[in-house]
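Engineer: Structure below; questions to follow.
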Amino acid sequence: MRYFLASLVVCLLLVLGGCQSPGTVTTAPTAEATATEAAVPTEEPAATEEPAATEEAAATEEMTSTEEMSSTEEMTATEDMSSMEGMTSTEEMTSTEEMSPTSMSDDEKVTNAMSAGPQFITADARVLDWPSEEGADAVELRAGTNGWLCRPDDPYTPVNDPRCFDANWQQINGKAFGTEREAHNALGVAYMLQGGNAANNDDPDVAEPAAGEEWQTDPPHVMVNIPMEWDLSVYAHEHQMEGPWVMFGGTPVEHMMFPIEMVPVEAEAGDDKIANALSAGPTSIREGAGVIDWPTEAGGEVSELRPGTNGWTCITDNPGSPTNDPMCLDDQWVIWLKAYLAGEEPEITKVGFAYMLQGGSDTNNADPTLTEPPAGGEWVISPPHVMFLSPEPLDLSNYSSDHHEGGPWVMFGGTPYEHIMMPLTDPVQEH
């Protein structure tokens, strides 16, 4: 009985005094544990008063940052977690558990979606949210008036990746290859100016990278889809390749990825022609691109300033135009340029791509034969843009031909030199 009473007294002292029972080990709280305790409301002290077992303490020390604080009950997004806008790498956000579809307000989602493209397009675009759960319908966040559709950051991918699609893209994308798709004779275009990522470059149904692999992170880019299949024996289909590549090749959602990078003007023609020419394209193609210069007289031929190794050719600022306008061209555009200079019809055999990241200027938008603006007219000044050639005549009912309107437009429509201009920034003043 005496032993029982003594034991009872000891137990009471342990409970009231917060002492340890025999066999437990006292450990000083780590900085991580202190932070966790600070996030717990003071009305619930029991969890911090109960000593953890040795095994639990060891596990806590080995936990990663996402395991230490994974629920919104322990850490609010506004007080203890950097906002999505501050995330700069996949190391800072690698799990879909850390970003839920509701982590942004509707207004923030609209603003985020608008960052995918130039403001003159996104200001009047429809904005559609992602489904809140599998099987749910997407919610319209804002109605649009210009045929464009923008979506905010996909909450189930590790980097910020809003996107905007034109009406042609929406008509083609996802349709099975065949007569219905081919009947829509147009190139669809889309913007992802914040960049993007994918679990797999070839399979659109893969939701997570395979074991041991990482997310494919893509630079800012624009995208093109066409009614017919891309010929994967002609076009690259690995995102590590220089220049454009095909994503999801052979599926109804396949499209061409066209990486862009706004680069500063490095030199005006006459100072360093090679540097000037290369400033028209992104870093990914500049190192191996060949460089040519304009003919010294009408009817002459271009001259080579340096050979290339990657299939891209850049040409210097055109001395006959009022603005700095170098170009970087793929093989189809080189064919186009040489035919244009010779007054001949180009023989285009596949979709062609070109960069004019310094912008450009033309005598007019409709007639490729004019060497000066028409009487009373002004030079057509284009913002930084990319250009697309089609081997088939374009259905001009699917595109604007007004370069003032905003968004992609057709230049020299209905002529052998017609092509699509896709601006990357807002329009500039003409002079």
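The values are calculated or read from the model by the stated rules, or taken from the named source; none is laboratory data. Keep in mind it's a predicted model, so treat the numbers as computed, not measured. Glycine gets a Cβ as well: all are built from the backbone with ideal geometry, and neighbour counts include every protein chain shown.
Engineer: Quickly run through segment 376-412 and pick out the residues that are hydroxyl-bearing (Ser, Thr, Tyr) and surrounded by 13 or more Cβ atoms within 10 Å (Cβ to Cβ).
Structural biologist: SER382, SER390, TYR399, SER400, SER401
Engineer: Out of GLY311, GLY243, GLY288, GLY299, which single residue is part of a loop (DSSP other than H, G, I, E, B), touching a Leu at 6+ places or on another chain (Cβ under 9 Å) and in contact (Cβ under 8 Å) with a residue 24 or more places away in the chain?
Structural biologist: Step by step, each of GLY311, GLY243, GLY288, GLY299 is checked, and only GLY299 is part of a loop (DSSP other than H, G, I, E, B), touching a Leu at 6+ places or on another chain (Cβ under 9 Å) and in contact (Cβ under 8 Å) with a residue 24 or more places away in the chain.
Every residue, every condition in (1) closer than 27 Å to GLU180 by Cα; (2) buried (at least 21 other Cβ atoms within 10 Å of the Cβ), yes or no:
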residue: ASP203; (1), (2): yes, no
residue: GLN216; (1), (2): no, no
residue: MET241; (1), (2): no, no
residue: MET247; (1), (2): yes, yes
residue: PRO307; (1), (2): no, no
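Engineer: Just to be sure, is VAL253 more than 19 Å from THR349 (Cα to Cα), at pLDDT 95 or above and among the aliphatic types (A, V, I, L, M)?
Structural biologist: Against the criterion (more than 19 Å from THR349 (Cα to Cα), at pLDDT 95 or above and among the aliphatic types (A, V, I, L, M)), VAL253 qualifies.
Engineer: Does at least one position in segment 406-418 carry a residue that is in contact (Cβ under 8 Å) with a residue 24 or more places away in the chain and touching a Gly at 6+ places or on another chain (Cβ under 6 Å)?
Structural biologist: Within segment 406-418, none of the residues are in contact (Cβ under 8 Å) with a residue 24 or more places away in the chain and touching a Gly at 6+ places or on another chain (Cβ under 6 Å).
Engineer: Would you pick out the residues in segment 202-220 that are part of a loop (DSSP other than H, G, I, E, B) and closer than 23 Å to PRO152 by Cβ?
Structural biologist: From segment 202-220, those part of a loop (DSSP other than H, G, I, E, B) are 202-215, 219-220; that's our starting set.
Matches in segment 202-220: PRO204, ASP205, VAL206, ALA207, GLU208, PRO209, TRP215, PRO219, PRO220.
Engineer: Would you call SER279 polar (S, T, N, Q), crowded, with 23+ Cβ neighbours inside 10 Å and closer than 18 Å to GLU261 by Cα?
Structural biologist: The answer is yes for SER279.
Engineer: Here is a follow-up. Go through segment 310-330 residue by residue and tally those that are more than 22 Å from PRO373 (Cβ to Cβ) and at pLDDT below 95.
Structural biologist: Result for segment 310-330: 2.
Yes or no, residue by residue, for (1) of a type in the set (Val, Ile, Thr); (2) modelled with pLDDT under 95; (3) assigned by TED's automatic domain parsing to the domain that holds ASP330:
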residue: PHE177; (1), (2), (3): no, yes, no
residue: GLU182; (1), (2), (3): no, yes, no
residue: ASN185; (1), (2), (3): no, yes, no
residue: ALA190; (1), (2), (3): no, no, no
residue: ASN200; (1), (2), (3): no, yes, no
residue: ALA207; (1), (2), (3): no, yes, no
residue: GLU213; (1), (2), (3): no, yes, no
residue: THR217; (1), (2), (3): yes, yes, no
residue: PHE248; (1), (2), (3): no, no, no
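Engineer: If we scan segment 113-130, do we find a residue that is within 30 Å of GLU213 (Cα to Cα), in a helix (DSSP H, G or I) and assigned by TED's automatic domain parsing to the domain that holds HIS239?
Structural biologist: Among the residues of segment 113-130, at least one is within 30 Å of GLU213 (Cα to Cα), in a helix (DSSP H, G or I) and assigned by TED's automatic domain parsing to the domain that holds HIS239, which makes the answer yes.
Engineer: Considering segment 152-209 alone, what residues qualify as being on the phi > 0 side of the Ramachandran plot and acidic (Asp, Glu)?
Structural biologist: Across segment 152-209, there are no qualifying residues.
Engineer: Could you tell me which residue of segment 270-279 is modelled with the lowest pLDDT, considering only residues that are assigned to a loop (DSSP other than H, G, I, E, B) and in contact with a helix residue (DSSP H, G or I) (Cβ under 9 Å, 6 or more places away or on another chain)?
Structural biologist: GLY270
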